[in-house]
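Q: The structure is given below, and queries will be raised subsequently.
Please treat every number below as a calculation from the coordinates, not as lab data. A quick note: this is a predicted structure, and the numbers were derived from the prediction, not measured. Positions of Cβ are backbone-derived with ideal geometry, glycine not excepted, and every protein chain shown enters the neighbour counts.
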Amino acid sequence: MIDRPRSVGAAVKRLEDPAILRGGGRYVDDLSLPGMLEVAFVRSSEAHALIREIHVESASALAGVHSVLLLKDLGVDRRMVQANPHPLLKQDITQYPLARDEVCYVGETIALVIAEDRYVAEDAAALVQVDYEPLPAVIDVRDAAKPDAPRVHRESPDNLVGRIPWKFGDADAAFKAAKHVFRESYVQHRGGCHSMECRGVVASHDAFSDQLTLWSSTQSPYLIRRFLSQYLAREETKIRVVAPDVGGGFGPKAAHYPEELALALAAPKVGRPLKWIEDRREHFVATTQQRDQLWDVEVACEDAGKVLAIRGRALHDHGAYVPYGLLLALGSVVNFPGTYAIPAVDIAIDVVFTNAVPTTPIRGAGRPYANFILERTMDCVARNLGLDRAEVRRRNLIRKEQMPYSTGGKLPNGKPVMFDSGDYPGVLEMVLNNSGYGQKPSKPGRLVGVGLSCYNEDTGLAPFEGANVRVFPSGKVVVTSGAGAQGQGVRTILSQIVAEQLGVKPEEVAVELGDTAVFPMGMSTVGSRTTVTAGSSAHLAAVEVRDKAIRLAAEALECAAVDLELAEGAVRIKGVPDKRVPLGELARRLAGQVNVPSPAGFSPGLEATAYHAVERPVYANGANVAVVEIDPETGRVEVVDYYVAHDCGTLVNPTLVDGQIVGGVAHGISNVLFERMVYDRETGQPQTTNYGEYLLISAPEMPRMHLAHMETPSPWNPLGVKGAGEGGTIPCLAAVVSAIEDALGVKVNEYPLSPERILELANGAR
């Protein structure tokens, strides 16, 4: 046995943190290049209008202004590349980098102002005069879906982006045979992401090499490079995209934006580097958002609460454009039937344009909305049949012995939707026991409620991420990957995985990410996929390096490979630690010398590259219990205790998983109790564009957290891991609303829930 502590499974402190905590993080706004100019955007003040004229003379004359550019000045006249094409996409309307002749939401980019500093650029942007011809705007998705609704785009035949069906089993027969059919409607309102770091872009073009370099606060540097290449008709080898430290992404930074493209087009024309950093107001009107969704749901069930079928129709507010295909709405249907063995599902979502900020995935990518519907449906069955909410779930959960479980749905590639592993009833019992469910607490002067929610999530999404593991002659181990970091600790995770195989400490492994010049291919840090994809690739590459080192050391030590182990940065004979060859020495031998043959049977370098190809996702799961207290006089809701039982397969780093869960719960509570993006229904003007109007959760509003883990390894990747980045958010919405309903004793089918709304519901119940 190797006499060293294991790395995988250890609560290793985040290797990223020391530099960040000491102010050594390097974000886009920290970048300063010689001769760099700064950019501000002129944005639409109208939700829908034609542009008659744009007057830039006053802005251009301001001291310190380099230039003011319109779409025609960029030399292009076509819409941006669609990031996620889909056959159900009926109207594939993306933005122009700068508006051409029509604006369709407040905040749309119109002009690019370039100046010596941001202050001058902002002043100049305010001097640009846009002559608008106002057009009717439509904000409410219910209004937009009507046949006679104003068109979000004047030349569109209607506002339907696409219709997404999700159907399997015989729902009609199930509803005819069912003893009970219950119907409910649900409202899930629009909100944003609000990462600590807003978006930012720096673009630079080197005329000598014709190399375009873009630094962006993005989750998808490789996809940004691909989209730039397609749009600019420039070879990818002539484009470098770098994502330095990213201060949170949560989904919206996975999309590509007009600002990135506008700076990439302008930098070669200007001949100097350009920087744009999004401010907080811009974040409210320019960074993509999520929801609204309105649902009408029917459930068919037996006397004992066994669900036979679920049927639902939904409207999904997609905002003014389609920057990310139908991915957000798709995430809201493929999650059915969740953790439950429901034999028949008939869901359809109408995706509809409105004159609001476009929507794309935010933490959970539609899954929290679907989970909300599923979990509130289980509560609906329990309420109407007079059954305990936990018991209804027990009677419907997929059992451990049914794994792998085929739901009846099909993935886009035609493969059946199949859950790989998990003990759904077991994880439910874990959270029920830990929370003391069934023994409802009480507090004088407060309404106390307990809520319950189960969930599963497809993680580790296809197709791949790659990794290279290399030992240098110095002995340093370096991992490079196309995966990106957005603050989730991926460098620590990859270091642990590689250290496990090479017998070194995680802190002795360097990890380089987020730079298309460092690793050849990559995808995106989304969908809780990085540990599954990049982690598995790093593991496979490290195993190959380990085997190569052992084979070469066996020759040097004149022993059998089975007698060797890796520890303390060397290959050594088991039981004889002094008989060893350092990894650096082996790397030196494989690095080669001129006119000296390499060791026979060995490829150059002590390194390997691997790509773990994903055919189907792996499913994390869990169960949550929320305990709330409500002040009946003010309507204030306090989540006082929150219990989580969670299964994401093999835990590479329990501390990081806990951090992801707690952060996800914060996101969920914030969605339910605080966040609400409000627009004036008549004019389309956003009403909540600062943190005095749009509220976010803060530390005092966080509950006491109680976390427990179950490890059910996935059989579908070499590490047995599943994703954990969104598992705190997905079940949280339903758990908190369920607890509020329990406290009030009145049906609650909506969120967010302000104190005013709580009082309305409570007064209605009384």
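Q: Count the net charge of all other residues whose Cβ sits under 10 Å from the Cβ of Arg52, scoring Lys and Arg as +1 and Asp and Glu as -1. Present the calculation step by step, with values, prior to reporting the outcome.
A: On the way: positive: none; negative: Glu53, Asp101, Asp131, Glu133.
Net local charge, Arg52 excluded: -4.
Q: Within the range 463-544, report the trypsin sites (Lys or Arg not before Pro) that DSSP leaves as loop and that have at most 16 other Cβ atoms within 10 Å.
A: On the way: sites: Arg470, Lys476, Arg491, Arg529; in loops: Lys476, Arg529.
Answer in residue order: Lys476.
Q: If you stretched the chain out fully between Asp148 and Lys476, how much longer would it get, using 0.36 nm times the residue separation minus the C-alpha to C-alpha distance?
A: Values: separation 328, 0.36 × 328 = 118.08 nm, distance 6.64 nm.
Answer, rounded to one decimal: 111.4 nm.
Q: Follow-up. Only four residue types carry charge here, +1 at the Cβ of Lys and Arg and -1 at the Cβ of Asp and Glu. Report the dipole size of the range 284-380 about the Cα centre in Debye, rounded to the nearest 20.
A: Values: 7 positive and 10 negative charges, 69 e Å.
Around 340 debye, computed over the range 284-380.
Q: May I ask you to order 121-131, 593-603 by the average number of other C-beta atoms within 10 Å around their residues, highest value first?
A: Details: 121-131: 18.6, 593-603: 9.2.
Ranking, from highest mean packing down: 121-131, 593-603.
Q: Just order 284-292, 674-682, 612-620 by mean Cβ neighbour count inside 10 Å, highest at the front, would you?
A: Result, highest mean first: 284-292, 612-620, 674-682.
Q: With contacts defined as alpha carbon pairs under 8 Å and 6 or more residues apart, what's the relative contact order of the range 384-449 in percent?
A: Numbers: 44 pairs, mean separation 15.4, N = 66.
RCO, the range 384-449: 23 percent.
Q: Note down the relative contact order for the chain as a percent, whole number, built from C-alpha pairs under 8 angstrom at least six residues apart.
A: 16
Q: Something else now. Can you check what the net charge comes to around Pro425, using other residues whose Cβ is under 9 Å from the Cβ of Pro425 (Lys, Arg +1; Asp, Glu -1)?
A: Working: positive: Arg393, Arg394, Arg399, Lys400; negative: Asp423, Glu429.
Summing Lys and Arg as +1 and Asp and Glu as -1 gives +2.
Q: Residues with beta-carbon under 9 Å from that of Trp716, excluding Trp716: net charge, scoring Lys, Arg +1 and Asp, Glu -1? Display every interim value, and only then the final one.
A: Working: positive: Arg616; negative: Asp420, Glu615.
Once all neighbours under 9 Å are counted, the net charge is -1.
Q: Going through the range 538-576, which GluC sites (Glu not before Pro) have at most 12 other Cβ atoms within 10 Å and a DSSP loop state? List each step's numbers first, then the result.
A: Numbers: sites: Glu544, Glu555, Glu558, Glu565, Glu568; in loops: Glu558, Glu568.
Of the GluC sites (Glu not before Pro), the ones in loops of the range 538-576 whose Cβ has at most 12 other Cβ atoms within 10 Å are Glu558.
Q: Report the one residue of Leu315, Ser58, Tyr642 whose Cα lies farthest in the direction of the positive end of the charge dipole of the chain (charges on C-beta: Lys and Arg +1, Asp and Glu -1; origin at the Cα centre).
A: Tyr642
Q: Can you tell me how much longer the chain between Ala126 and Leu387 gets when fully stretched, taken as 0.36 nm per residue apart minus their C-alpha distance, in nm with one decimal?
A: 87.8 nm
Q: Need the C-alpha centroid separation for the range 714-745 versus the range 493-553, integer Å.
A: Rounded to whole Å, the Cα centres lie 28 Å apart.
Q: With the contact rule set at Cα under 8 Å and sequence spacing of 6 or more, what percent relative contact order holds for the range 494-600? Present the calculation step by step, with values, prior to reporting the outcome.
A: Numbers: 100 pairs, mean separation 24.7, N = 107.
Normalised by residue count, the contact order of the range 494-600 is 23 percent.
Q: Full extension from Glu155 to Glu544: what is 0.36 nm times the residue separation minus their Cα-Cα distance, to one decimal in nm?
A: Numbers: separation 389, 0.36 × 389 = 140.04 nm, distance 5.69 nm.
Gain in length upon complete extension: 134.3 nm.
Q: Calculate the dipole size of the chain relative to its Cα centre from +1 charges on Lys and Arg beta carbons and -1 charges on Asp and Glu beta carbons; express the result in debye to the nearest 20. Could you put the intermediate results ahead of the total?
A: Values: 78 positive and 94 negative charges, 326 e Å.
The dipole of the chain has a size of about 1560 debye.
Q: What residues of the range 236-274 lie in the reach of a label at Ile20, counting those whose backbone N is under 11 Å from a point 7 Å from the Cα along Cα→Cβ?
A: Hits in the range 236-274 for Ile20 at 11 Å: 245-249.
Q: Under the rule of -39500 (n - 2.57) per DSSP H run of 4 or more residues, summed and divided by the residues of the chain, what mean residue ellipticity at 222 nm is obtained, to the nearest 500 deg cm²/dmol?
A: Working: 19 runs with 199 residues, N = 766.
It comes out at -7500 deg cm²/dmol, rounded to the nearest 500.
Q: Can you pull the one-decimal nm distance between simple spin-label points at Glu302 and Asp172, each 7 Å off the Cα toward Cβ?
A: Reported label-point gap for Glu302 and Asp172 is 2.4 nm.
Q: From the residues Leu263, His667, Pro473, which one has its Cα farthest along the dipole of the chain in the positive direction, the dipole being from +1 and -1 charges on Cβ of Lys/Arg and Asp/Glu about the Cα centre?
A: Of the options given, the answer is Pro473.
Q: Moving on to the next point. If packing is taken as the mean number of other Cβ atoms within 10 Å per residue, what is the order of 500-510, 248-258, highest first? Walk me through the intermediate numbers first.
A: Numbers: 500-510: 20.5, 248-258: 25.1.
Top to bottom by mean Cβ count within 10 Å: 248-258, 500-510.
Q: Taking every DSSP beta bridge that has both residues in the range 181-254, what percent is antiparallel when rounded to the nearest 5? Can you show the working numbers first?
A: On the way: 6 of 10 bridges.
Percent antiparallel among DSSP bridges in the range 181-254 is about 60.
Q: Continuing with the same structure: Rounded to the nearest 5, what % of the DSSP beta bridges within the range 413-520 are antiparallel ones? Mind showing how you got there, number by number?
A: Numbers: 5 of 9 bridges.
Bridges in the range 413-520 are about 55 percent antiparallel.
Q: If you don't mind, there's one more thing I want to ask. Suppose R0 equals 56 Å. What FRET efficiency, 1/(1 + (r/R0)^6) with r the Cβ-Cβ distance, do Asp92 and Glu508 give to the nearest 0.05? Provide the component values of the computation, followed by the final result.
A: Details: r = 49 Å, r/R0 = 0.87.
So the FRET efficiency works out to roughly 0.70.
Q: Between Asn433 and Glu633, how many nm apart are label points set 7 Å from Cα along the C-beta direction?
A: Each label point lies 7 Å from its Cα, and together they span 4.2 nm.
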